[in-house]
Amino acid sequence: MKQAIALRGDLLDFTAAPSWGDTRSAAVRWRPDHWLLLRDGRIEGALPGQQAPAPGYAREDHRGRLILPGFVDTHVHSPQLDVIGSFGTALLDWLETYTFPAERAWADPEVAAAGSARFLDALLAHGTTAAAVFPTVHKTSVDALFGAAHARGMRLLAGKCLMDRNAPEGLRDTVAEAERDCTDLIERWHGRGRNAYAVTVRFAPTSTPAQLALAGALCAADPTLYMQTHVAESEAEVRWVAELFPTARSYLGVYARAGLLHPRAILAHGIWLDDADRAALRDTGAQIAHCPSSNLFLGSGLFDWHAGRHAGVAVSLATDVGGGTSLCQLRTLADAYKVQALRGERLTAWVALHAATRGPAEALQLGHEIGSLEAGAAADLCVWDRAAGAVGAHRLALARDLHEELFAWLTLADERCLESAWVAGVPRFRRSP
Ligand SMILES: [Zn+2]
């Protein structure tokens, strides 16, 4: 669509990674009262508010509101809106009791199509414009998700879950089926529009060594493919992996041995890692998707973000719905702060916001396209209300500097503050008046 649009508001994004603990980071690009200029689905540039954009721009005045890059969610499950907020279990029995039964239904193309549309519209309504998503083991679930993302113009990474053991009937594949389905899906969807295929290993316990080898071979054959999985989420899970793979050095070592750690690999959680694991992540360029609301909800543990950062590991922020309790990255950021507080660390608004925007974009090698308001990037952005109710308005009015204001905002705000979400210059969500 050939179109020029100018949005007026307070622009906030990052030009680099902010340092840990630095509340006055020079990496923050703050442009209060500016016009953000969009053309043909891309960001064209910005102008100070007093300078009127040239005639020909459709104008929207959002003065007093924040304009941020759309959030990137690096780990979330499309079928799990059905089980979000389920009571009373930890990871392994949560999978058994709630998740696996819900995922079985996605073999049905109608269920998968309706569920994928609901899921992506929900992401947009929470301010997330790009995501790395786990559908189910069924090919239908991947076709439906990629099709729905393509229709919305969204940047999406996904792939069929590989699971050939330790899963119930109706949720298992075989190595041969997996190879055939992955080859088909890669051909159909990888690089089509803004879709990219991710070789998706559910987690080590649900794949045989032969299937892990297949996953590694797929990655080796095409280095433009992504890889996503879970690692070291709960202690019980880590013990189980040690029993299943007695010769592996560690849980992460299972993936390393299969050739699954590379610059396009995303591993969710990574709570129970050691220094050697962190060094392996750094050396291979694989990133950790930190999922604080899920870790708190399932009681999995407190992620050591600072150790990861110290070791040079890329860490991004993810919701992990349905173990996570909200698709909203603002709520997730607030939970991340609390997890770090329990570890004796203090997460700045800047490190947190960067980990949901430019950080993951760069770690996914998509920094030119998403995660910032840079000229040339896709116009994937959100317009946010500053105040969250009477308490938020009161508190924000008292803020003495930008970090104080933004930190209070991300602690108090949620998806109800989202006014509009734009994908490639098209408003895909607008709050009803
Ligand atoms: Zn997950």
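Hey, how much of the P(r) for the chain falls beyond 31 Å, as a percent of Cα pairs? All intermediate terms of the calculation are to be shown ahead of the outcome.
Working: 33537 of 93528 pairs.
For the chain, the fraction of Cα-Cα distances above 31 Å is 36 percent.
Please identify, among 381, 66, 244, the residue showing maximal mean-square fluctuation in a Gaussian network model of the chain using a 10 angstrom Cα cutoff.
Result: 244 has the largest fluctuation of those listed.
So for segment 40-144, what percent of the C-alpha to C-alpha distances run longer than 18 Å?
Here the long-distance tail beyond 18 Å is 62 percent of all Cα pairs in segment 40-144.
For a quick check: with amide H placed at 1.01 Å from N, whose amide H comes under 5 Å from residue 11's, ignoring anything fewer than 5 positions away on the same chain?
Amide H neighbours of residue 11: 31, 33, 34, 67.
Would you mind ranking 160, 338 so that the residue whose beta carbon has the fewest other beta carbons within 10 Å leads the list?
Going from sparsest to densest Cβ surroundings: 338, 160.
Which order do 250, 294 fall in if you start with the one that has the fewest other Cβ atoms within 10 Å? Write out the running numbers ahead of the final one.
Working: 250 20, 294 26.
The fewest-first ordering by Cβ neighbours comes to 250, 294.
Give the order of 275, 22 when sorted by the count of other beta carbons within 10 angstrom, beginning with the fewest. Could you put the intermediate results ahead of the total?
Numbers: 275 10, 22 14.
Lowest count first: 275, 22.
In the chain, what % of DSSP beta bridges are antiparallel (nearest 5)?
Values: 29 of 63 bridges.
The antiparallel proportion sits near 45 percent.
Can you tell me what percent of all Cα-Cα pairs in segment 317-427 are more than 24 Å apart? Could you put the intermediate results ahead of the total?
Values: 1757 of 6105 pairs.
Every Cα pair in segment 317-427 considered, those over 24 Å come to 29 percent.
Over the chain, what is the relative contact order in whole percent, taking alpha-carbon pairs under 8 Å and six or more residues apart?
Details: 989 pairs, mean separation 84.1, N = 433.
Result for the chain is 19 percent.
Only Lys, Arg, Asp and Glu count, each charged at its Cβ (+1, +1, -1, -1), so figure out the dipole size of segment 1-96 about its Cα centre, rounded to 20 debye.
Details: 10 positive and 12 negative charges, 142 e Å.
Around 680 debye, computed over segment 1-96.
Every number here is computed from the coordinates shown, using simple stated rules; none is lab data. No experiment lies behind these values; they were computed from the predicted model shown. In this analysis, Cβ positions are derived from the backbone assuming ideal geometry, glycine residues included, and neighbour counts consider all displayed protein chains.
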